[in-house]
Amino acid sequence: NAGVTQTPKFRVLKTGQSMTLLCAQDMNHEYMYWYRQDPGMGLRLIHYSVGEGTTAKGEVPDGYNVSRLKKQNFLLGLESAAPSQTSVYFCASSYSRGNQPQHFGDGTRLSIL
Amino acid sequence: AQTVTQSQPEMSVQEAETVTLSCTYDTSESDYYLFWYKQPPSRQMILVIRQEAYKQQNATENRFSVNFQKAAKSFSLKISDSQLGDAAMYFCAYRSPDSNYQLIWGAGTKLIIKP
C-alpha cells in the first residue's frame, strides 16, 4: 500500500536555487495539500488543490508555486530558495467529504543554506 | 477565522496509566469535524480519532477516546493504558465544511511515556 509518496526525503539547497518536491497518491483522492512544519508549530497550509488542473493558496503561499496536471500528482516548487524556507514539508490527500481524514506522506526535510 | 489551541506543550504519564490531552477551538460554525493526529519520531502523521460535530456520542478507538463538549468548544483526547509506543506529538485539527475542507491545526502536545 503506497498511499502518499513524497520525493525526495531530504534535500540541501543553496540560497537562490530552485527545486520541485513531488507528491503522488494512489487512493484516487480529489483533494491534495502541501504543508510546512516548523519547530514548535503545527502544520501550516501552503497551497492546496480540489481537483486536477486547480490550485489555491493556503495560509503561507509566498515563495512557492504548485501544479496539479494529473489527479494523482501534486508538485510544489521553490523558484528561488531562501533560508526562511528551511522546514519539513508534508503532502496530504483526502476525499472531498468533510469527515474523511487527510492521509500524509512521510515528509521532506529541506535545508536552505 | 477558526483557531485551534492546545495549551499543553508537553505532558508525561506513567506507562499503563491514563492521560488526557486538551484541545479547544474557536468557531462560529455549527457543523464541522475534529481530528486527533499522532506524529511519532518517525515523522509520519497518523490519524488517531475523528469526531463529527453533529454527533453527540463521543468517538472511541480502542484505548483512545474523546471528550467532545460542543458548547464549550472543547475536544480532549484520553489515552487509557498508556504504552511506550504512544510517545509522540499529538495534534488536534479542525475541518470546516466551507473553505474547501482545509484543516486548521493546533501547535501540538508532546507526550512522554515513563516506563
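Could you say which residue among B:GLU29, B:GLU17 is away from chain A (no Cβ under 12 Å) and either surrounded by fewer than 20 Cβ atoms within 10 Å (Cβ to Cβ) or hydroxyl-bearing (Ser, Thr, Tyr) (or both)?
Working: B:GLU29 fails: away from chain A (no Cβ under 12 Å).
After applying the criteria, what remains is B:GLU17.
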Tally time: how many residues in the stretch A:77-97 are more than 14 Å from chain B (Cβ to nearest Cβ) and surrounded by fewer than 17 Cβ atoms within 10 Å (Cβ to Cβ)? 7
Of (1) within 14 Å of chain B (Cβ to nearest Cβ); (2) open to solvent by less than 60 Å² (accessible area, probe 1.4 Å); (3) farther than 26 Å from A:ALA2 by Cβ, A:ILE46 satisfies every one except (3)
Considering residues that are under 15 Å from A:LEU76 (Cα atoms) and not aromatic (Phe, Trp, Tyr), the number found within the stretch A:1-12 is 7
Qualifying position, being among the charged types (D, E, K, R), within 11 Å of chain A (Cβ to nearest Cβ) and surrounded by 20 or more Cβ atoms within 10 Å (Cβ to Cβ), among B:ARG50, B:ARG95: B:ARG95
Top-ranked residue of the stretch B:55-87 - restricted to ones that are aliphatic (A, V, I, L, M) and closer than 16 Å to B:SER7 by Cα, ranked as nearest to the other protein chains (Cβ to nearest Cβ): B:LEU77
Options A:GLY105, A:GLY51, A:GLY40; residue that is open to solvent by less than 40 Å² (accessible area, probe 1.4 Å) and under 17 Å from B:ARG43 (Cβ atoms): A:GLY105
Just give me the residues in the stretch A:23-36 being open to solvent by 30 Å² or more (accessible area, probe 1.4 Å) and either assigned to a loop (DSSP other than H, G, I, E, B) or closer than 19 Å to B:ALA93 by Cβ (or both), in sequence order. A:ASP26, A:MET27, A:ASN28, A:GLU30
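The values are calculated or read from the model by the stated rules, or taken from the named source; none is laboratory data. Everything numeric in this text was worked out from a predicted model, so none of it was measured. Neighbour counts are summed over all protein chains in view; Cβ atoms, including those assigned to glycine, are modelled from backbone coordinates with ideal geometry. Quick note on the areas: whole protein, heavy atoms, side chains included, nothing else; ligands and nucleic acids left out. Shrake-Rupley method; radii C 1.70, N 1.55, O 1.52, S 1.80 Å.
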